[in-house]
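Asks: After the structure tokens below, expect a handful of questions from me.
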Amino acid sequence: AKQDGRGVFRFFEPELDAAARRRRQVELDLRDAIRLGHFELHYQPVLDLKNNRVGALEALLRWRHPERGLVLPSDFIGIAEDSGLIIAIGEWVLHEACREARRWPAHVRVAVNVSPLQFRNSGFPAIVMQALAASGLPPERLEIEITESVFLEGEEAVVALLHRLRSMGIRIALDDFGTGYSSLSYLRGFPFDKIKIDRSFVTDVARDAGSAAIVRAIVHLAKALGMDITAEGVEDAAQLSRLRGEGCDNIQGYLFSRPVSSSEVDALIGTRMED
Ligand code: C2E
Ligand code: CA
Ligand code: CA
Ligand code: CA
């Protein structure tokens, strides 16, 4: 808003263009969605290649919009982050994911995505503990996925918090590995339990020697550091066989299953992948 000479606030200045108005509207809609409970979690299985069974499910946020239908995170996570609403939304995600995972078989973990802003918020460890206590989910069954952008502001505080969560029994995964600026230094600074190789390397792993070499190097590096490896975005059998050959521990992607609603999870957990 801009103040004109008579002290009147005029909201629709030309410079407040259509894109900005749209973002503002999404932000208002998001506030309603939090209040009205219009979010839901879908779950995508992570397959353990040792036994071809589901070892974990990643919780993926969906917005059940009254007019727009099911809205994907790419359409609102950025706005939720910029407006700070991601902290309230992320708290709901943690509670809901732990609550739903509590009734899955005990060997199946749940993976939750946490935004940098949410992670660095001072209340975060308490919120995690509340979500575990309220649901009764053992901490060993919770995985937190962060991206390396969490390190951009103050690496030491982040590493301390990671150690604290780890000491509670929670596993920590480094998501979208390979897409950031200086991945290797973060691996030296903190021993992640798991690295997720970004889909961009997986897509071409069976066709392009460069992608295959990068995947091989990441797998070797992770093994040497004692970390588990998941390949994201696995869509076909050629990718799978190459990833198996490289010694990848887990795969996730449309080949085995798309993300499903919570009511479909039980059937999925009982399914094994055919060789
Ligand atoms: P991500 O954490 O890297 O999640 C993987 C994304 O890849 C998901 O998109 C998933 O549906 C998609 N995907 C899985 N397998 C395949 C495949 O084989 N092919 C292709 N093309 N895509 C595949 P989705 O659900 O739209 O989520 C997008 C991003 O939104 C996530 O990327 C994550 O960064 C963010 N996100 C999702 N849920 C949450 C949440 O609860 N909190 C926060 N902070 N971020 C979230
Ligand atoms: Ca993720
Ligand atoms: Ca990812
Ligand atoms: Ca991503």
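Asks: So, A222, is that one more than 16 Å from ligand 2 (Cβ to nearest atom), farther than 25 Å from N113 by Cβ and free of Cβ contacts under 8 Å to residues at least 60 places away in the same chain or not?
Replies: Criteria not met by A222.
Asks: Let me ask something additional. Tell me which residues, restricted to the range 118-138, are closer than 22 Å to I79 by Cα, out of contact with any strand residue (DSSP E or B) (no Cβ under 8 Å at 6 or more places or on another chain) and either within 16 Å of ligand 2 (Cβ to nearest atom) or not in a helix (DSSP H, G or I) (or both).
Replies: Correct list: Q118, N121, S122, G123.
Asks: Condition first: touching a helix residue (DSSP H, G or I) at 6+ places or on another chain (Cβ under 9 Å), within 16 Å of ligand 3 (Cβ to nearest atom) and in a helix (DSSP H, G or I). Can you find one or more residues in the range 63-73 that meet it?
Replies: Yes: one or more hits.
Asks: Let me ask you something else. Here is a list: S115, S183, S135. Which entry is of a type in the set (S, T, Y), more than 13 Å from ligand 1 (Cβ to nearest atom) and within 18 Å of the chain's Cα centre (by Cα)?
Replies: S183
Asks: Let me ask something else. Going by the conditions given, is F151 away from ligand 2 (no atom under 15 Å from the Cβ) and of a type in the set (A, V, I, L, M, F, W, C)?
Replies: Yes.
Asks: Output yes when any residue across the range 113-125 is within 16 Å of ligand 3 (Cβ to nearest atom), at pLDDT 90 or above and of a type in the set (S, T, Y), and no when none is.
Replies: Yes, some residue in the range 113-125 is within 16 Å of ligand 3 (Cβ to nearest atom), at pLDDT 90 or above and of a type in the set (S, T, Y).
Asks: Filter the range 81-103 for residues that are aliphatic (A, V, I, L, M) and out of contact with any Ser or Thr (no Cβ under 8 Å at 6 or more places or on another chain) and give the result.
Replies: L85, I87, A88, I89, V93, L94, A97
Asks: Next question. Looking at (1) within 23 Å of R171 (Cα to Cα); (2) part of a loop (DSSP other than H, G, I, E, B); (3) modelled with pLDDT under 95, which is the only condition V234 fails?
Replies: (3)
Asks: Pull up the range 187-220, narrow it to residues that are assigned to a strand (DSSP E or B) and of a type outside the set (K, R), then point me to the one that is nearest to R109 (Cα to Cα).
Replies: If we take residues in the range 187-220 being assigned to a strand (DSSP E or B) and of a type outside the set (K, R), then I195 is nearest to R109 (Cα to Cα).
Asks: Is it the case, given these coordinates, that T230 is in contact (Cβ under 8 Å) with a residue 60 or more places away in the chain, within 16 Å of ligand 4 (Cβ to nearest atom) and within 27 Å of E274 (Cβ to Cβ)?
Replies: The answer is yes for T230.
Asks: Considering (1) among the aliphatic types (A, V, I, L, M); (2) within 30 Å of E40 (Cα to Cα); (3) within 14 Å of ligand 1 (Cβ to nearest atom), say which one L243 fails and leave the rest.
Replies: (2)
Asks: Quick one: would you say S167 is more than 30 Å from L255 (Cα to Cα), out of contact with any Cys (no Cβ under 6 Å at 6 or more places or on another chain) and hydroxyl-bearing (S, T, Y)?
Replies: Judged against the criteria, S167 is a match.
Asks: Then there is this: Within the group S185, S211, S135, which residue is more than 16 Å from ligand 4 (Cβ to nearest atom), in contact (Cβ under 8 Å) with a residue 40 or more places away in the chain and of a type in the set (S, T, Y)?
Replies: Every option except S135 fails the conditions.
Asks: Can you tell me which residues in the range 186-216 are closer than 19 Å to S149 by Cβ and surrounded by fewer than 13 Cβ atoms within 10 Å (Cβ to Cβ)?
Replies: Matches in the range 186-216: R188 only.
The values are calculated or read from the model by the stated rules, or taken from the named source; none is laboratory data. Computed from a predicted model, the values in this text were never measured in an experiment. As a convention, Cβ positions derive from the backbone with ideal geometry for all residues, glycine included, and neighbour counts pool all protein chains shown.
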